[in-house]
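First up is the structure itself, then whatever we jot down about it.
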Amino acid sequence: MTQSPRMPLLFLGHGSPINALEDNPWTRAWEGLGRDLPRPKAVLCVSAHFVTRGLFAVDVPRPETIHDFYGFPRELYEIRYPAPGAPDLARRTVELLGGKAATTGEWGQDHGARSVLRRIYPQADIPVVQLSLDLRLPAREQMDVGRALAP
């Protein structure tokens with residue numbers, strides 16, 4: 001069997017935000033991905049917590065931590081994942097989407113990304129770009145976004 005030069009596309013639901021603090025089967029599985037997957041150059045993360053009108057890729061070199069939840073233990077609000085951004089990847093993402101997207105500096109890393117990535121890549125040394133979801137797009141156009149990003 002030959003190795004593919006491409007990283008796999010993963011769908012990882014974070015479940016409860018509290019998983020960011022716990023040791024459980026889900027968090028151990030995420031840690032296993034970090035051991036088993038090839039090391040990527042960067043991660044493009046589409047988070048259901050970053051919903052916008054239009055598509056936006058975050059193009060900041062140091063994304064801020066977004067706490068987009070409430071009513072959880074204080075420790076959850078103290079979690080940081082200081083992975084750098086990847087402005088070049090953000091611009092490439094917009095380019096691949098052919099005018100259907102733009103870059104933005106108005107977001108950072110939300111818990112949908114951070115709670116999973118901090119288990120897969122705990123050193124926070126792999127750049128991360130978040131891409132928003134535009135839920136107004138019908139399913140076919142959502143799939144078109146995925147196809148456009150395949151490269």
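Below is a table of values for the structure above.
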read-out	value
Candidates 30, 26 - the one that is over 17 Å from residue 124 (Cα atoms), at pLDDT 90 or above and of a type outside the set (D, E, K, R)	26
Scope segment 33-47; condition open to solvent by 80 Å² or more (accessible area, probe 1.4 Å) and over 10 Å from residue 128 (Cα atoms); matching residues	35, 36, 39
Residue that is least open to solvent (accessible area, probe 1.4 Å) [pool: residues in segment 19-31 that are of a type outside the set (D, E, K, R) and more than 18 Å from the chain's Cα centre (by Cα)]	24
Pair list, Cβ under 8 Å, 6 or more apart: segment 21-47 residue part of a helix (DSSP H, G or I), other residue of a type in the set (Ser, Thr, Tyr)	34/121
Residue satisfying all of: in segment 48-71; assigned to a loop (DSSP other than H, G, I, E, B), under 15 Å from residue 114 (Cβ atoms) and open to solvent by 70 Å² or more (accessible area, probe 1.4 Å); modelled with the highest pLDDT among these	62
Qualifying residue in segment 1-23 (condition: out of contact with any His (no Cβ under 8 Å at 6 or more places or on another chain), charged (D, E, K, R) and at pLDDT 95 or above)	yes
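The values are calculated or read from the model by the stated rules, or taken from the named source; none is laboratory data. This one's a predicted model, so the numbers in the text were calculated from it and none came from an experiment. Every residue, glycine as well, gets a Cβ built from its backbone with ideal geometry; the counts of neighbours run over all protein chains shown. We work out accessible area using only protein heavy atoms, side chains counted, and drop any ligands, DNA or RNA first. Shrake-Rupley method; radii C 1.70, N 1.55, O 1.52, S 1.80 Å.
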